[in-house]
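*Asks:* Just passing along the structure, written as structure tokens.
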Amino acid sequence: MRSATITSGESERADPRAAAKEAALAAWLRARGSVAIGFSGGVDSTYLACIAVRTLGPEHVLAVIGRSASYPAVQWEHAREVAERFGVPVLEVDTDELHDPRYAANPTDRCYFCKTELWQRVRPVAAAQGMAIVVDGTNADDLGGHRPGARAAGEQGVASPLAELGFTKAEIRARSRALGIPTWDQPASPCLASRLPYGTPVTPERLRRVERAEASLRALGIGGDLRVRDHGELARVELAPDELPRWLAGEGAHRLRTALRDAGYARAAVDLRGFRSGSLNVLDGVVPA
Amino acid sequence: MSGVPTPPPDGAALAVRLRALGVTGTVEAQGRLALLRAADAAPLMELELRRRVHAAASECGFTHVALELDGTGADEALRSA
């Protein structure tokens, strides 16, 4: 299958600062010679993988997907599709964080244990494939806030070139769009465990229920940011602000409630403020409101 | 924000505040989540009202407020359609 080709030129003239960062990224990659990328199929890691392949050639790039019950199946499908489209070599590893009681207990630093598991799986694979360094798609906007996964990355020697070079999320989206990378407007898609309040044990059954529920709501035609927050028997749905009015009353509310009931939730509610990234951190008092 | 104590979540107080906004119903407190069962959810389709509801919820100690879809109101709306 012929791979899509990334070209720039006109896009660089339209967005010179981000284009300059992209040039710096290429130089950063060339200095390392080869990279293994923790690849989720999200906006950041996809952009990084595409630039790496363009700069180094596919023989010097390896995108590693970590698979577990917390990784949404729909995201995995998109990750494989975009990797194939842009000629990004992919290798999958199974991660086993759900069997780590420190992770499964769902503490506020859950991500630390998850990312430690991921990078400990990725590093030997990367070395065996002759990759010089392991990198992730962390960007400059990620550097604040509650991010225990970043501590794990640091401890495991994983580099974050997008953050290091100051790429904002907006710049990554803009450059992705300019280069024809289809993830440019993809909503963020964190792991399914992020739907469970801290202290609620992470189990495969709970994760599958959340995944079923979100897939059902997408099937109703809900676009944009969407989260089904799991409060035991209650599903609290966070929607993009422009989606909210459709689903609060009448037929929309009925269809939403039916979909969540069929997914396994006895009760259903719609958050009146809509989607907020990290809202469970606020609810659980990890960060201030 | 620092130094200003956060009130404990008070569902009863929030229900009173919401009635003043024209939103009649019950409030169930689940920690800092307020679950609202409204007699008529349609007015909440308006953004400004939702903002005022959230502001009232914050002042009553809640970080989140969600409208419960209990099926009753929605079903009645369908039957009368």
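*Asks:* Report, please, the projected area of region A:62-153 averaged over directions, based on the convex hull of its C-alpha atoms, in nm².
*Replies:* Over every viewing direction, the Cα hull of region A:62-153 projects on average to 6.7 nm².
*Asks:* In region B:10-40, what residues drop by 10 Å² or more of accessible area when the other protein chains are put back, versus the chain on its own? Use 1.4 Å, and skip ligands and nucleic acids.
*Replies:* B:E28, B:Q30, B:R32, B:L33, B:L35
*Asks:* So how tilted is helix A:16-32 from the main axis of chain A? Cα-based, degrees 0 to 90, rounded to 10.
*Replies:* 70
*Asks:* Over the Cα atoms of region A:177-289, Rg to Rh with Kirkwood Rh, two decimal places?
*Replies:* Checking Rg against Rh, the ratio lands at 0.98.
*Asks:* What's the FRET efficiency of A:A105 with A:A188 using the Cβ-Cβ distance as r and R₀ = 30 Å, to the nearest 0.05?
*Replies:* According to the calculation, E is roughly 0.75.
*Asks:* Taking the Cα centre of the protein assembly as shown as the origin and placing charges on Cβ (Lys, Arg +1; Asp, Glu -1), which of A:S277, A:G87, A:Y112 is farthest toward the positive end of the dipole?
*Replies:* A:G87
*Asks:* Here's another thing I want to ask about it. How large is the helix-only mean residue ellipticity at 222 nm for chain A, computed as the sum of -39500 (n - 2.57) over DSSP H runs with n ≥ 4, divided by its residue count, in deg cm²/dmol to the nearest 500?
*Replies:* That calculation yields -13500 deg cm²/dmol at 222 nm.
*Asks:* Between A:R30 and A:A289, what FRET efficiency comes out of the Förster formula 1/(1 + (r/R0)^6) with R0 = 51 Å and r the beta carbon distance, rounded to 0.05?
*Replies:* Efficiency, rounded to the nearest 0.05: 0.70.
*Asks:* Would you work out the charge dipole size for the protein assembly as shown about its Cα centre, treating the Cβ of every Lys and Arg as +1 and the Cβ of every Asp and Glu as -1, and quote it to the nearest 20 debye?
*Replies:* Around 220 debye, computed over the protein assembly as shown.
*Asks:* Identify the residues of region A:65-109 with backbone N under 20 Å of a label point that sits 7 angstrom from the Cα of A:A127 along the Cα-to-Cβ direction, or state none.
*Replies:* A:65-66, A:91-96
*Asks:* Let me ask you something else. Sorted by packing (mean other beta-carbon atoms within 10 Å per residue), highest first, where do A:176-188, A:59-71, A:155-167 land?
*Replies:* A:59-71, A:155-167, A:176-188
*Asks:* With θ set to phi - 60° and the Karplus curve 6.51 cos²θ - 1.76 cosθ + 1.60, what are the ³J(HN,Hα) couplings of region B:49-54 in order, to the nearest whole Hz, using x for Gly and Pro?
*Replies:* Working through the residues one at a time gives 5, 4, 5, 5, 5, 5 Hz.
*Asks:* In chain A, if the dipole is taken from +1 on Lys/Arg beta carbons and -1 on Asp/Glu beta carbons about the Cα centre, which of A:G33, A:G232, A:P197 is farthest to the positive end?
*Replies:* Of the options given, the answer is A:G232.
*Asks:* How large is log10 I(q)/I(0) at q = 0.11, 0.13 Å⁻¹ when the Debye formula is applied to the Cα atoms of chain A, each weighted equally and without solvent?
*Replies:* -0.67, -0.93
*Asks:* What length, rounded to one decimal in nm, is gained on full extension from A:E155 through to A:A23, with 0.36 nm per residue of separation minus their alpha-carbon distance?
*Replies:* The A:E155-A:A23 span can extend by a further 44.7 nm.
*Asks:* What is the distance in Å between the Cα centroid of region B:14-63 and that of region A:107-147?
*Replies:* 41
*Asks:* Here's a follow-up. Using a basic spin-label model with each label point 7 Å from the Cα along Cα→Cβ, how many nm lie between A:E77 and B:E48?
*Replies:* Label at A:E77, label at B:E48, 4.3 nm between them.
*Asks:* Additional query: What FRET efficiency would be calculated for the residue pair A:V282, A:E59, taking the C-beta separation as r and a Förster radius of 51 Å, to the nearest 0.05?
*Replies:* Working from the Cβ atoms, E equals 0.65.
*Asks:* How many percent of the accessible area of the protein assembly as shown is carbon or sulfur, using a 1.4 Å probe?
*Replies:* For the protein assembly as shown, the apolar C and S fraction of the accessible surface comes to 52 percent.
*Asks:* What's the magnitude of the charge dipole for region A:33-147 around its Cα centre, counting Lys and Arg as +1 and Asp and Glu as -1 at the beta-carbon? Answer in Debye, nearest 20.
*Replies:* The calculated dipole for region A:33-147 is roughly 140 debye.
*Asks:* Mind checking how much accessible area A and B bury in total, 1.4 Å probe, in Å² rounded to 100?
*Replies:* It comes to approximately 2400 Å² buried between A and B.
*Asks:* About the Cα centre, and with charges only on the beta carbon of Lys, Arg (+1) and Asp, Glu (-1), how big is the dipole of region A:205-289? Nearest 20 debye, please.
*Replies:* Here region A:205-289 has a charge dipole of around 160 debye.
*Asks:* Under 19 Å from a point 7 Å along the Cα-to-Cβ line of A:E84: which residues of region A:173-195 have their amide N that close?
*Replies:* A:181-183
The values are calculated or read from the model by the stated rules, or taken from the named source; none is laboratory data. The model shown is predicted, which means the values in this text are computed figures rather than measured ones. Note that we place each Cβ from the backbone using ideal geometry, even for glycine, and neighbour counts take in every protein chain shown. Please note that ligands, DNA and RNA were not included when accessible areas were found on the heavy atoms of the full protein model with its side chains. Shrake-Rupley method; radii C 1.70, N 1.55, O 1.52, S 1.80 Å.
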